[in-house]
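What follows is one structure encoded as structure tokens, with my remarks underneath.
The values are calculated or read from the model by the stated rules, or taken from the named source; none is laboratory data. Keep in mind that this is a model prediction, so the values were computed, not measured. FYI the Cβ positions are ideal-geometry reconstructions off the backbone, even for glycines, and counts take in every protein chain you see. In case anyone asks, the SASA skips ligands and DNA or RNA and just uses the protein heavy atoms, side chains included. Shrake-Rupley method; radii C 1.70, N 1.55, O 1.52, S 1.80 Å.
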Amino acid sequence: MDKLFVFDTTLRDGEQVPGCQLKSDEKLEIAFGLESLGVDVIEAGFPISSPEDFRSVSLISKHIRNTTICGLSRAVEEDIDVAAEALKSAAMGRIHTGIGTSDSHIKYKLNATQDEILARATHAVKYARNKVAEVEFYAEDAGRTDNEFLARIVEAAISAGATIINIPDTTGYCLPEQFGEKISFLVNNVPNIDKAIISTHCHNDLGLATANSIAGVLAGARQVECTINGIGERAGNTSLEEVVMIINQHKHIPVSHNIDTKKIIPISTTVSEMMNMPVQPNKAIVGANAFAHSSGIHQDGVIKNRETYEIIDPEEVGATGSEIILTARSGKAALNFHAKKLGYELDKEALKAAYKNFLEVADNVRCIEESHLHDILKKVKVYA
């Protein structure tokens, strides 16, 4: 199986979320967590963007020794110089440089021509390659870039020395089929593509970031750029935990990774708390309700066999286990399950009577707590 490189940009793209800015020591704490998690690359920041971001990249470069540390830059010599300076202590340093390639970016943002963009991209990669051992090139807004021009600029970037080529769906525009076809086009039409790793960097504006990343992997991409909890600019980025667990569940996807999945929930909690960014309860893998069941039909199935309604063992991602939540939608199986946990033994008639009383309470209380349960069972003369 091919190695899939997991590139985490929580500390760069994730930190661009309003209100999520971190100090250097806070970034370092998360970086240690990411290193322990097993990510291959940490994009530690955009060094020229601020003195604090420069300090953060420098600090992380000094202390993280088992993971590649990456600094972002535009295709500008000053950006590249500053990134190289910030990365000088890194055991494994990478400059991530690039430029917009879509018609929209070329015309409205950069006021240039395709040939000018090609020349600027080539120069930036060559310049960066003289500063660090590893250069990644990004074609910003590749999702909306004409494939023929994208192939030209990718070929030029590789010839100039880039060994990783990032194909971002910057605006979250693509459908999975479209994004997969774009990666396939590059695989089949860039003569020197075998000299580089194709990377995906997908945004979630239409809720398709993870789906697009997986489509990219199936088409030949071997690096996925993602964030913890899917945080990031606007609607967020591809979620690291989703990509990793999709690969774990679907054995036919021909890649492997180094992520220690039991550390997913702990790092998710750390990032959420330090960035003051709550995780939505129904978020896949790491949400509070990801392994919670309140429907009677679901509860009955899970009590009999967890795999009837859970395709992931909660402990596999660091969660404590499945939760059977008692609500007005719960059934007798769930009531009996919780009663036994509290030490009650209910025969058929007692369970029937208790369930009737339970529903009366549950219609007026959102979630039945332990104290409610004791009262319900004592009213029908059942004692622990």
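Miscellaneous remarks
- Segment Met277..Glu345, full-extension length gain: 20.2 nm, with 0.36 nm per residue of separation and the alpha-carbon distance subtracted.
- Span from the region 118-147 Cα centroid across to the region 176-194 one, whole angstrom: 17
- When nucleic acids and ligands are ignored and a 1.4 Å probe is applied, His252 ends up with an accessible area of around 130 Å².
- Fully extending the segment from Arg65 to Lys88 would add 7.0 nm, taking 0.36 nm per residue of separation and subtracting the current Cα-Cα distance.
- Local net charge near Gly220, Cβ-Cβ under 12 Å (Lys/Arg +1, Asp/Glu -1): -1
- Across region 169-174, coupling constants 3J(HN,Hα) worked out from phi with the 6.51/-1.76/1.60 Karplus curve, θ = phi - 60°, read 8, 4, 9, x, 7, 5 Hz, and Gly and Pro carry x.
- Rounded to whole Hz, the Karplus (6.51, -1.76, 1.60) HN-Hα couplings of region 176-191, x for glycine and proline: x, 4, 5, 5, x, 5, 5, 5, 4, 4, 5, 4, 8, 10, 9, x
- Cα Rg, Dmax, region 24-85, angstrom units: 11.3, 34
- Summed residue charge, Cβ within 11 Å of Lys283's Cβ, Lys/Arg positive, Asp/Glu negative: -2
- Length released on extending from Ser36 to Lys251, taking residue separation times 0.36 nm less the Cα-Cα span: 75.0 nm
- With the simple model of a label 7 Å out from the Cα in the direction of the Cβ, Leu359 to Asn188 spans 5.9 nm.
- Bridgeable lysines around Lys379 (alpha carbons under 25 Å apart, same-chain partners fewer than 8 residues away excluded): Lys332, Lys340, Lys341, Lys348, Lys352, Lys356.
- Whole-angstrom gap from region 26-55 to region 311-374, using each part's C-alpha centre: 44
- Per residue accessible area of the chain, 1.4 Å probe, in Å²: 45
- Sulfur and carbon atoms: percent of accessible area, the chain [1.4 Å]: 50
- Using θ = phi - 60° and Karplus 6.51 cos²θ - 1.76 cosθ + 1.60, couplings along region 25-38 (whole Hz; Gly, Pro as x): 5, 5, 4, 5, 4, 5, 4, 4, x, 5, 4, 5, 4, x
- Placing unit charges on the Cβ atoms of the charged side chains and taking the dipole of the chain about its Cα centre, the candidate lying farthest along the positive direction among Ser50, Asn147, Gly180 is Gly180.
- Proximal charge balance of Ile259 [Cβ under 13 Å; K/R count +1, D/E count -1]: -4
- Dipole magnitude for region 211-272: computed about the Cα centre from +1 point charges on Lys and Arg Cβ and -1 point charges on Asp and Glu Cβ, it is near 140 debye.
- Amide H within-cut-off set for Gly331, under 5 Å, with H built and near neighbours excluded: Gly296
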